[in-house]
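Undergrad: Here's a structure for you.
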Amino acid sequence: MKKIFLLIAIVINLLVADNILLEKAQKANLLPIPSSTSELLKLIDEPQNPITDAKIELGKKLFFDPRLSKSNLISCNTCHNLGLAGVDGVSTAIGDNWQANPQHLNSPTVYNSVFLTFQFWDGRSPHLADQAKGPLTAPFEMASKPEDLAKKISSIKGYQELFDQTYGQNTQITFELIADTIAIFEKTLVTPSKFDKFLEGDMDILSEKEKKGLHTFIDKRCVSCHNGVALGGMMKYFVMKNFTYKDIGSFSGNDNFLVKVPTLRNISKTAPYFHNGSVWSLNEAVLEMARIQLKLKITDEEAQSIVDFLKSLDGDMPNITYPTLPY
């Protein structure tokens, strides 16, 4: 009988501990990707350009089409490879004429970017469609001119037919509409994880190591920058002068030294880390951020605990087939 009471007491204690952790996460503004499609649409859809299946499919073709670049060799997928967790796996983005990004900026993942409050490393854009215009026209990325790109896509009979089917007969294909359509596809690139199920009440989905890591993540104030659905996105001051790898590249944030906080979702798959792609070890990245941003000296054990939690953010990647492109 005593063993039964002891077992019941252990179960109750575990339930209480899990509820405390869940409440702790909610107070830290850690929010799930909703499991409900209708709730998800409330977060990602916009009335001025609502998501439809036709727009998603057309946006996917544009995302994968290298003809959107001046050279006809570089697509959005080149730097944001959907088979590689939405990144390119190199320290700095390589674009037109094999040019490296002049500030040595790393390509962030496109997965879950719809949940970010700011786009670009300097946070200059709040909107995915506006962000899509940047790489298309940057001379060191895809290097297209807006008017030339619109003419090129309009000249492809298959694209004109698809735009007409999607937006209505005799649709004028503009640079803005191309970017808007790419953004519609990108909005669907979300990767719900077991951490989201925990936030929605599944107390058994995380391992004890992951739960301990979540406690550490919150207690060490990582949540002061990494919160919301994306676990990132807010602009934060970056203590560049103390950054170990500050001499790699010329980027120092916007005019106020503010830098976009990248999403932590799928972080174990999106190395190298930081704006200049200077760190390949997730443990080192955790230690570096604790030191320069939080002014904390955490132990290797604490860093590993946080990494254990971060791996629970690895999500379910959508099954995306390479599209047949129009002619």
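Read-outs throughout are calculated quantities, based only on the coordinates presented, and are distinct from any laboratory measurement. Since the model is a prediction, treat every value here as computed from it, not as a measurement. Ideal geometry is used to build each Cβ from the backbone, glycine not excepted, and the neighbour counts take in all protein chains shown.
Undergrad: Can you give the three extents of the C-alpha atoms in the range 138-277 along their principal axes, from longest to shortest, in whole Å?
TA: 57, 43, 23
Undergrad: Same structure, new question: For every other residue with a beta carbon closer than 15 angstrom to the beta carbon of Lys145, add +1 if it is Lys or Arg and -1 if Asp or Glu, then tell me the sum.
TA: Numbers: positive: Arg67, Lys70, Lys133, Lys151, Lys152; negative: Asp96, Glu141, Glu147, Asp148, Glu176.
Overall, the nearby charge balance is 0.
Undergrad: Could you point to the residue in Leu116, Ala93, Met289 farthest towards the positive end of the chain's charge dipole, with +1 and -1 charges on the Cβ of Lys/Arg and Asp/Glu respectively?
TA: Most positive-ward Cα: Met289.
Undergrad: Excluding Leu282 itself, what net charge comes from residues whose Cβ is under 13 Å from its Cβ, given Lys and Arg +1 and Asp and Glu -1?
TA: Numbers: positive: Lys269, Lys311; negative: Glu284, Glu288, Asp300, Asp308, Asp314.
With Lys, Arg at +1 and Asp, Glu at -1, the net is -3.
Undergrad: Using the Karplus curve 6.51 cos²θ - 1.76 cosθ + 1.60 with θ = phi - 60°, what ³J(HN,Hα) values do you get for each residue of the range 190-205, in whole Hz, with x for Gly and Pro?
TA: 10, 10, x, 10, 5, 4, 5, 5, 4, 5, 8, x, 7, 6, 9, 6
Undergrad: Once you have the Cα-Cα distance between Lys145 and Met203, take 0.36 nm times their residue separation minus that, and quote the gain in nm to one decimal.
TA: Numbers: separation 58, 0.36 × 58 = 20.88 nm, distance 5.15 nm.
Difference between extended and current length: 15.7 nm.
Undergrad: Please enumerate, by chain and number, the aspartates and glutamates with C-alpha under 12 Å from the C-alpha of Lys212, excluding those fewer than 8 residues away in the same chain.
TA: Asp18, Glu301, Glu302, Asp308
Undergrad: Helix-only mean residue ellipticity at 222 nm, the chain, DSSP H runs n ≥ 4 weighted -39,500 (n - 2.57), per residue, nearest 500. What is it?
TA: -12500 deg cm²/dmol
Undergrad: Now, a different point. Quick one: dipole size for the chain, taken about the Cα centre, charges +1 on Lys/Arg Cβ and -1 on Asp/Glu Cβ, in debye to the nearest 20.
TA: Once rounded to the nearest 20, the dipole reads 600 debye.
Undergrad: Please tell me which of these pairs span more than 30 angstrom C-alpha to C-alpha: Lys42/Lys236; Lys55/Lys246; Lys145/Lys236? Before the final figure, lay out the partial values.
TA: Numbers: Lys42/Lys236 26 Å; Lys55/Lys246 41 Å; Lys145/Lys236 32 Å.
Flagged as over cut-off: Lys55/Lys246; Lys145/Lys236.
Undergrad: About its Cα centre, how strong a charge dipole does the range 44-187 have in debye, to the nearest 20, once Lys and Arg get +1 and Asp and Glu get -1 at the Cβ? Before the final figure, lay out each step's value.
TA: Values: 12 positive and 17 negative charges, 62 e Å.
In debye, rounded to 20, the range 44-187 gives about 300.
Undergrad: Then there is this: Using +1 at the Cβ of each Lys and Arg and -1 at the Cβ of each Asp and Glu in the range 1-159, identify which of Ser155, Ala17, Leu43 lies farthest towards the dipole's positive end.
TA: Ala17
Undergrad: If packing is taken as the average number of other Cβ atoms within 10 Å across a peptide's residues, how do 46-53, 245-252 rank, most packed first? Please report the intermediate quantities before stating the final value.
TA: Numbers: 46-53: 10.9, 245-252: 15.6.
Going by the mean number of other Cβ atoms within 10 Å, highest first, we get 245-252, 46-53.
Undergrad: Follow-up. Apply the Karplus curve 6.51 cos²θ - 1.76 cosθ + 1.60, θ = phi - 60°, to the phi angles in the range 117-130 and return the couplings in whole Hz, x for Gly and Pro.
TA: Couplings: 6, 10, 10, 6, 5, 8, x, 6, 10, x, 9, 4, 5, 5 Hz.
Undergrad: Among all the lysines, which ones have a C-alpha under 25 Å from Lys211's C-alpha, if same-chain residues fewer than 8 places away are not counted?
TA: Lys24, Lys27, Lys194, Lys197, Lys220, Lys269, Lys295, Lys297, Lys311
Undergrad: A follow-up question, please. Taking Lys151 as the anchor, which lysines have their alpha carbon closer than 18 Å to its alpha carbon, excluding any fewer than eight residues away along the same chain?
TA: Output for Lys151: Lys61, Lys70, Lys133.
Undergrad: Something else: Between Asp300 and Ser250, how high is the FRET efficiency from 1/(1 + (r/R0)^6) when r is the Cβ-Cβ distance and R₀ = 51 Å? Nearest 0.05. It would help to have the intermediate numbers written out before the result.
TA: On the way: r = 32 Å, r/R0 = 0.63.
FRET efficiency, Asp300 to Ser250: 0.95.
Undergrad: Counting DSSP beta bridges in the chain, what percent are antiparallel, to the nearest 5?
TA: Around 90 percent of the beta bridges assigned by DSSP in the chain are antiparallel ones.
Undergrad: Cβ under 14 Å from Ala100's Cβ, Ala100 left aside: what net charge do those residues give with Lys, Arg +1 and Asp, Glu -1?
TA: Working: positive: none; negative: Asp88, Asp96, Glu141.
Local net charge: -3.
Undergrad: Moving on. Can you give the FRET efficiency for Trp98 and Asp219, using 1/(1 + (r/R0)^6), R0 = 45 Å, r = Cβ-Cβ distance, to the nearest 0.05? The partial results should precede the final answer.
TA: Working: r = 46 Å, r/R0 = 1.01.
The value I calculate is 0.50.
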